[in-house]
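One structure below.
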Amino acid sequence: TVRFAVAGCVEGGHFGYAYFDSKTGPVAITTSNASPCAGQTVTLTAPAGVAGPYSWGGPGIVSGGATATVTVNAAGTYTLTVGTGTCTATMTSTVTYGGGPSVTASASSPTICPTQSVVLTAGGATTYTWSANAGSATTSTVNVSPTITTIYTVTGGSAGCTGTQTVVVNVTPTPTLTISGATTLCDGASTV
């Protein structure tokens with residue numbers, strides 16, 4: 001609030017003028033999430049005390065384009081213009097989306113026999129959830145015993161973002177053995 005008073009003027013045939021100029025500190029648009037994950041919406045809010053009307057521009061405005069708060073869903077630079085006519089101010093804010101954690105997944109042995117088990121290990125995140133064929137485990141490692149070649153999926157979470165990775169365990173079929181050759185022999189004869 002700025003208050004000023006002018007004195008010494010009496011009604012007459014001239015105008016009285018008073019001038020002031022002011023300076024404010026930096027103003028900035030605030031964001032609800034400084035590092036959103038892909039697919040999340042972000043709320044941008046005009047600085048407190050900045051009066052409208054408001055006009056937002058940018059690549060992914062979902063709602064609120066003419067209010068103090070706008071919801072966006074795409075990366076890019078967003079512009080807020082406040083005021084009307086020649087008395088306007090413009091400010092910008094950039095939204096950058098992250099892709100989530102780089103989840104890794106590996107098997108202790110990529111190829112096994114049907115009677116063997118294998119340890120699957122995930123990394124690159126803080127929380128893990130394996131697919132149902134791995135028992136829906138929520139640990140970074142899980143022990144599985146597939147009987148056929150199987151693809152396992154793990155979803156890793158970190159700071160509210162998720163990423164997925166798959167690992168294949170190849171199961172080599174048990175060989176079917178056959179024995180051939182003569183089964184009836186004369187005494188002293190041989191066969192292969």
Counting sequence-distant residues (5 or more places) and residues on other chains, those with an amide H built under 5 Å from that of residue 137 are 130
Of the candidate values (1) 171; (2) 139; (3) 107, the one computed for volume of the Cα convex hull per residue in Å³ from this structure is (1)
Expressed per residue, the solvent accessible area of segment 15-160 in Å² (1.4 Å probe) is about 57 Å²
Would you work out what percent of the accessible area of the chain, with all protein chains in place, is carbon or sulfur (probe 1.4 Å)? 55 percent
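The values are calculated or read from the model by the stated rules, or taken from the named source; none is laboratory data. This is a predicted model, so every value here is computed, not measured. Note: accessible area is taken over every heavy atom of the protein model, side chains too, but ligands, DNA and RNA are not part of it. Shrake-Rupley method; radii C 1.70, N 1.55, O 1.52, S 1.80 Å.
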